[in-house]
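Notes follow the structure.
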Amino acid sequence: MIDGKEYPINNGGRIIILGLGKAAYAMTLPLATILSDLSPRGLLIPKHPPAQPLNGFDIQPGGHPIPDESSLQAGERVLQLVRNLNQNDMLICLISGGGSALMSAPHPGVSISDLQELTSTMLACGARVDEINTLRRHLDQLKGGGLAKQAFPARVASLILSDVVGNPLEGIASGPTAPDPSTRADALAVLGKYHLLEKVP
C-alpha cells in the first residue's frame, strides 16, 4: 500500500527499484530489505558511491550541481533499465534532491556541454532552482514525467523526499515521474527574465 493505493506484487512481474538523488542509497536500503523475498533489482544514482554495495543493484553516480558525462551515463542506464518493462512489472522510484543534475538524457540536438553552459549561466545570474528546473524539464527525455512515459506499460510508484519549499512534485529532481505544468513559453520566459535568450546555446 502506498498512499492508500494497492500495488499487487505477487503477480509474477519484476520489481525494479530506481534510487535517484543524494538520498538514493539511504532510501533504497530499507525498501530492498522489506522486499528481499521478491529479489528486487535496480539502479542507484547517488552523488557519491556508497561505502557498501547493495546486492542486486548497480551504482552509477552522476555529476552535481553541474551535469557531466557520468550524468549522461546515468541517464542512458535508466533508459536501458525501463525500456523492456511490461504491464506486470513494477518500477518503484525513490527520488530525492539533486536528481536533476545526477541523471541526464537530453533530447536529440542538445549536448551535455549545452546543458553545462546553460546550468552554469543560470546559477551565475542568480536564477532560482525552480526556474532552472523548468528549463531542464523541456530539454530532457526523463524529466517532467519523461521517466514514467519511458517505463510504460509498467506500473510506476514514486516515493519522493522533498527538498523544495511547498513540495511541488515537478520541482523535486525535475519531476521524472510527475506531470510538467510548465510550457515551452514558460521556459523561454525564464531565459528572457535574465536576458539570456542570446547568451545560451
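The values are calculated or read from the model by the stated rules, or taken from the named source; none is laboratory data. Treat the numbers as computed from the prediction; the structure is a model and nothing was measured. As a convention, Cβ positions derive from the backbone with ideal geometry for all residues, glycine included, and neighbour counts pool all protein chains shown. Quick note on the areas: whole protein, heavy atoms, side chains included, nothing else; ligands and nucleic acids left out. Shrake-Rupley method; radii C 1.70, N 1.55, O 1.52, S 1.80 Å.
Numbers for the structure displayed
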| read-out | value |
| --- | --- |
| Relative contact order (%) - criterion: Cα under 8 Å, at least six apart; region: the chain | 21 |
| Anchor Lys22: lysines whose Cα lies under 23 Å away (excluding residues fewer than 8 positions away in-chain) | Lys47, Lys143 |
| Per residue accessible area in Å² of the chain, where ligands, DNA and RNA are left out and the probe is 1.4 Å | 50 |
| Once exposed loop trypsin sites (Lys or Arg not before Pro) are cut out (DSSP; at most 14 other Cβ, 10 Å), longest piece of the chain | 1-82 |
| Pairs of alpha carbons in region 54-132 whose separation is greater than 21 Å (percent) | 36 |
| Alpha-carbon centroids, region 61-123 and region 2-45: separation in whole Å | 19 |
| For region 1-151, size of Cβ-based charge dipole, Lys and Arg +1, Asp and Glu -1, in debye | 160 |
| Over region 108-188, relative contact order from alpha-carbon pairs under 8 Å, at least 6 apart, % | 32 |
| Within the chain, longest stretch clear of exposed GluC sites (Glu not before Pro) (DSSP loop, no more than 12 other Cβ within 10 Å) | 7-197 |
| Whole-angstrom Cα spans of the chain along principal axes, big to small | 54, 34, 32 |
| Overall form of region 44-92 per C-alpha gyration tensor (a/c, 1.5; a/b vs b/c) | oblate |
| Long-range amide H partners of Gly19 with built H, under 5 Å | Leu43, Leu44, Ile45, Leu94 |
| Calculated P(r) tail over 23 Å for region 1-81, as whole % of Cα pairs | 25 |
| Carbon and sulfur %, accessible surface of the chain computed with the full protein complex present, 1.4 Å | 54 |
| Rg over Rh, two decimals, region 87-164 (C-alpha only, Kirkwood Rh) | 1.01 |
| Most to least packed among 49-56, 86-93 [average Cβ atoms within 10 Å] | 86-93, 49-56 |
